[in-house]
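Below you'll find the structure, written out as structure tokens, and then a few comments.
Just so it is clear, none of the values below were taken in a lab; they were calculated from the coordinates. Just so you know, these numbers come straight off a predicted model, no measurement behind them. Neighbour counts run over all protein chains shown; Cβ positions are idealised from the backbone, glycine included.
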Amino acid sequence: MKHATVTVGLVLGILAGVLGCTGGSQQQTASETQTDTAAKPVEGTFKVALITPTSVNDSGWSALAYRGLEAIQANLGAEIANVVASTPADIEDAMRSFAQQGFQLVIGHGYEYNQHGIKIGKEFPNTVFVSSSGDKTAPNVGAFRFYLEQATYLLGIMAAKMTKTGVVGMVGGPDVPSIESTFQAFEAGAKSVKPDITVLKAYTGSNDDIGAAKQQTLAFINRGADFIIHQANAAAPGVFEACRERKVWAFGTNSDQSSVAPDVVLASAVIRAENVFTDLARRVKEGTYRGAIELVGAQEGAVNVVFNPKLLDKIPKDVQDLLMQKFDEIMQGKLVVPKLEF
């Protein structure tokens, strides 16, 4: 599987964050009263597993995590494995199976994996369970909070500056706090430059129902929306298809999705997991990882906005300049993008 990413327009000083990435700032650490049983260097083969809610060929959320897993393999020589599991029973079975097979690190890619990591982590104290988002920790259980809100906020500004109807839409799959937070940031960004803008929001409840995502997108377009952002995971093609049919703009999320729908995806809110995942795995391998919730964003090189190079001429220069300015403010800590605490 090949993943090609072209960053155009919004380079935004991202290299400064990539260099020396340390996995982010700790928001919450495991209780000091808990017994530290996961702090041993790995001896022998280092084994890392990734559990995703959808196929890693989704060109979005699961794909970005797989790129992170590949980076762990390339940088640390790890043996890697991936499985799709989205129901509670399947998630716990997968976590338990990997731990029984001697995997020292199991990454669950989503908020929903955190609680199961806590449960299974008690059974397997020598395996580290980390989720992409979550609010619970133990000595061998933690989470990354990707500050994608920084990027969706900027896309909200772009939508508000470019909309001709004054109406934009947000189409989600599962209604979970991590997705809701990115939507609230998008709306905040839009209203920061156009307070009277109408922002529509709906969830289909599914990670992969392309038909439902398309129908919800069409419903928003019928209400006047001319920009759509999604957090529909593998159902994103439904959003893009509706936008193509009705000739409105879409935003990609999680990965650069301009190659998925080059005629409708104007820009994407992107997560770069490679350095973050590698740093996590290195700490587990060295026996220095301690369960915590870690926030990683633009300053760590983990979040960015990427313009579609084929549609760059559709974005007015003043809008590009404004986004550059706002990104610089984020990097300098002058602009703190709102996010839900969970």
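Quick look at the values:
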quantity	calculated
Two-site label geometry, residue 325 and residue 246: point separation in nm, points 7 Å out along Cα→Cβ	3.2
Other-chain or far-sequence residues with amide H under 5 Å of residue 133's (modelled H)	144, 145, 146
Residues with amide H under 5 Å from that of residue 82, placed H, sequence gap 5 or more	50
Computed P(r) (all Cα pairs; the range 122-202; 5 Å bins; percent)	3, 15, 21, 17, 12, 10, 8, 6, 5, 3, 2, 0
Cα principal axis extents for the range 162-239, largest first, Å	33, 26, 14
Whole-angstrom gap from the range 88-119 to the range 270-300, using each part's C-alpha centre	18
Förster radius 51 Å - calculated FRET efficiency between residue 162 and residue 135, Cβ distance, rounded to 0.05	0.90
Sorted by Cβ neighbour density within 10 Å, fewest at the top, the residues 259, 131	259, 131
Residue among 312, 69, 154 with the largest mean-square fluctuation in a Gaussian network model of the chain, springs linking Cα atoms under 10 Å	312
Per-residue ³J(HN,Hα) for the range 128-142, Karplus 6.51 cos²θ - 1.76 cosθ + 1.60, θ = phi - 60°, Hz, x for Gly and Pro	9, 10, 10, 10, 7, 5, x, 10, 10, 9, 8, x, 10, 9, x
GNM result for the chain, Cα springs below 10 Å: residue of 264, 84, 130 fluctuating most strongly	84
Calculated SAXS-style log₁₀ I(q)/I(0) at q = 0.27 Å⁻¹ - the range 156-204, Debye, Cα scatterers	-0.95
Sorted by Cβ neighbour density within 10 Å, fewest at the top, the residues 199, 106	199, 106
Global form of the chain, assessed from the alpha-carbon gyration tensor, a/c cut-off 1.5	prolate
More than 24 angstrom apart: percent of Cα pairs within the range 59-197	41
Of 64, 322, 148, the one that fluctuates the most in a GNM where the chain has Cα springs shorter than 10 Å	322
Ranked 328, 196, 256, criterion: other C-beta atoms within 10 Å, fewest first	196, 328, 256
Helix-only mean residue ellipticity at 222 nm for the chain, each DSSP H run of n ≥ 4 adding -39500 (n - 2.57), per residue, nearest 500	-11500 deg cm²/dmol
Hits among lysines - C-alpha to C-alpha of residue 191 under 18 Å, sequence gap 8 or more where chains match	161, 164, 201, 326, 339
The range 94-176: relative contact order as a whole-number percent, Cα under 8 Å and 6+ apart	21
Long-range HN-HN contacts of residue 228 with modeled amide H, under 5 Å	169, 249, 250, 251
Estimated FRET transfer efficiency (residue 40, residue 215; beta-carbon r; R0 51 Å; 0.05)	0.50
Residue 198-residue 90 FRET efficiency (beta carbon distance; Förster radius 35 Å; 0.05 resolution)	0.35
0 to 90° range, to nearest 10: angle between helix 236-246 axis and the chain longest Cα axis	10
The range 172-318 - convex hull of the alpha-carbon atoms, volume per residue in Å³	136
Cross-link reach list, lysines versus residue 47, counting only Cα pairs under 28 Å and skipping chain neighbours closer than eight places	2, 119, 122, 136, 285
